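What follows is a set of notes on a single structure, which appears directly below.
The values are calculated or read from the model by the stated rules, or taken from the named source; none is laboratory data. All values reported here derive from a predicted model rather than from experimental measurement. Glycine also receives a Cβ, built like all others from the backbone with ideal geometry; neighbour counts cover every protein chain displayed. Side chains included, ligands, DNA and RNA excluded: accessible areas come from the protein's heavy atoms. Shrake-Rupley method; radii C 1.70, N 1.55, O 1.52, S 1.80 Å.
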Amino acid sequence: FEEALAKEVAVAGELGSPETPMVNCKTFEESAEDFTDLAAYGIVDVVGDDKGGRKIIVVSACKFPPNKTFDNQRFLRYLMATLDQYVDMDYSLVYFHHGLTSKNKPPLSWLWGLYKVVDRRYKKNMKTCFIVHPTSFIRVVYNFFKPIISAKFGRKIQYVNRLSELSQSMNLDRLPIPKEVIDFDRKQSKGPSQSSQRSLCSWTPSQQFGVTIEWISGNQQAHIPPILTKCVDFLSHPDCL
């Protein structure tokens with residue numbers, strides 16, 4: 001994974017200055033580009049509010065067309081035009097990763113360029129980025145870029161392994177979840193042990209046992225579970241034992 005990623009980033013040059021997607025906002029505003037054809041793919045959807053009252057922006061990887069016929073630069077302009085309507089207020093981003101393949105995935109160098117070109121206000125008002133059904137590859141990609149993205153932005157990323165986990169933050173019935181994603185989630189949910197079948201709806205924001213590390217990180221803004229930090233602090237006192 002790391003070798004493949006390094007090669008793809010190398011295509012755009014050194015990591016410190018990769019080929020960055022170009023967006024001329026003034027030109028875009030003046031030209032009022034028509035994105036009707038891109039909207040028809042259904043890659044990006046804006047739906048109702050989450051449980052915190054924030055607008056939800058959904059991106060579905062399975063709806064990306066083959067990259068040989070897809071204009072990634074134009075898609076970026078479409079994505080930013082969509083976000084422009086909501087970035088001045090708090091919003092949540094839900095990314096359904098299932099369905100992204102070698103045939104339809106954008107170049108990784110382009111994704112890094114996307115992070116660089118996106119204005120600070122797009123990042124500032126995004127409260128959480130839910131990555132649903134993350135693969136080992138996407139975790140490697142994140143860890144690869146982690147040292148060069150802001151720590152504050154990194155804390156907003158939350159991995160979601162099951163759709164039921166997402167229900168803690170929003171009403172799933174109102175989300176345009178692709179059928180491919182629902183089918184994949186059902187397959188992933190088959191045959192778990194009884195203990196893992198416990199309802200995730202019983203999880204609370206302050207819970208630290210019986211939940212995922214991503215849940216703790218997303219709800220308590222801490223990479224290390226608070227209970228572990230307290231234990232270490234206690235054991236650090238010479239008279240604790």
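Tally Lys/Arg at +1 and Asp/Glu at -1 over every other residue whose Cβ is under 14 Å from the Cβ of THR101; what's the total?
Numbers: positive: LYS63, LYS68, LYS103, LYS105; negative: GLU180.
Around THR101, the surrounding residues sum to +3.
Given R0 = 51 Å, the distance between the Cβ atoms of GLN208 and GLN73 translates into a calculated FRET efficiency of 0.70. Surface calculation, 1.4 Å probe, protein heavy atoms: ARG186 sits at approximately 150 Å² accessible. Close amide H partners of VAL94, meaning residues 5 or more places away or on another chain with modelled amide H under 5 Å apart, are ILE57, VAL58, VAL59, PHE130.
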